[in-house]
Amino acid sequence: MKKQVFISTIIFAVLIIAFVIMAAQAPVDAKSRAIKFINDLGWQIGEAPLEVQEVTVPAVFDDVYVNYNRLQNQAGFDLSEYAGKKLVRYTFEVKNFHDIEGVRINVLIYQGKVVGGDIMTIAIDGFMLPLTKRD
């Protein structure tokens, strides 16, 4: 009996360790995917994200989200597929946006996949654009 408890405890401990290792690697993988996606679009960004935040896509879109999803559609994304789901938003500083300061790029990740984002400025009279290739 003691042997069974010991073996069960070892197996349980190994499973917990494996789960912790996988969970610890997931954000790094998502961040790497976000950076690669941004670089593939031709944008130069700071080395580290300015912000990493979990966001929940509303189950029912209000006018703000309807308009934001239209912006997503312009880049080939559709956030309605993720209604009610939790995403991770990575925000980076953009270094090569026509010499304009204060430009940010947001990338939305769901289960390791880029599912949306935008390019925006932090200025009060700023802009928000679809996440597309640099021209």
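Descriptive notes on the structure:
- Hey, Phe61 out of contact with any Ser or Thr (no Cβ under 9 Å at 6 or more places or on another chain), on the phi < 0 side of the Ramachandran plot and at pLDDT 95 or above or not: no
- Boolean, Lys113 is closer than 17 Å to Ala30 by Cα and surrounded by fewer than 19 Cβ atoms within 10 Å (Cβ to Cβ): yes
- Among the residues making up segment 126-135, a single one is surrounded by 11 or more Cβ atoms within 10 Å (Cβ to Cβ) and free of Cβ contacts under 8 Å to residues at least 24 places away in the same chain: Phe127.
- Of the strands (runs of 3 or more DSSP E) entirely within segment 49-135, those holding at least 3 residues that are under 15 Å from the mean Cα position of the chain (by Cα) occupy 51-56, 86-93, 103-110, 113-121.
Each row is one residue, and each column tells you yes or no for (1) in contact with an Asp or Glu (Cβ under 9 Å, 6 or more places away or on another chain); (2) of a type in the set (Phe, Trp, Tyr); (3) farther than 16 Å from Arg33 by Cα; (4) loosely packed, with under 11 Cβ neighbours inside 10 Å.
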site	(1), (2), (3), (4)
Val60	no, no, yes, yes
Leu87	yes, no, no, no
Thr91	yes, no, no, no
Val103	yes, no, yes, no
Asp118	no, no, no, no
Ile124	no, no, yes, yes
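The values are calculated or read from the model by the stated rules, or taken from the named source; none is laboratory data. Keep in mind the model is a prediction, meaning the values are calculated, not measured. Positions of Cβ are generated from backbone atoms using ideal geometry, with glycine treated the same way; all protein chains shown enter the neighbour counts.
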